[in-house]
Amino acid sequence: MSVEAAELMAEFRYLASEEWSVLQEDEAESASPGQELADTIICCRNSANSLETDVSRAVIDKLAKNGGRYMEDQYSGRYSARSGREKE
């Protein structure tokens, strides 16, 4: 699983935000990260099946747990998806 995740992260390691926008627009270039993401998800699903884990239930439970940690009124709008940094 860590190997697949590392391959996915390697696709983005040296990209500046401007390059990320270009990557998303170029179908040929954007296919590779999608393929790496698919490999990672497949590996995670295989692990979940082996552990007999209900992934849908685990995700719902985790979102509920995180929702209590990160209250919307305190964190909403503080993060810029474009820059990857907190807004000033």
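Remarks
- Flag if Ser56 is at pLDDT 75 or above, under 17 Å from the mean Cα position of the chain (by Cα), loosely packed, with under 10 Cβ neighbours inside 10 Å and in a helix (DSSP H, G or I): yes
- Candidate set from segment 1-53 (those that are part of a loop (DSSP other than H, G, I, E, B) and at pLDDT below 85); member that is surrounded by the most Cβ atoms within 10 Å (Cβ to Cβ): Glu11
The values are calculated or read from the model by the stated rules, or taken from the named source; none is laboratory data. Keep in mind that what you see is a predicted model, and the values were worked out from it rather than measured. Please note: Cβ atoms are built from the backbone with ideal geometry, for glycine as well, and neighbour counts cover all protein chains shown.
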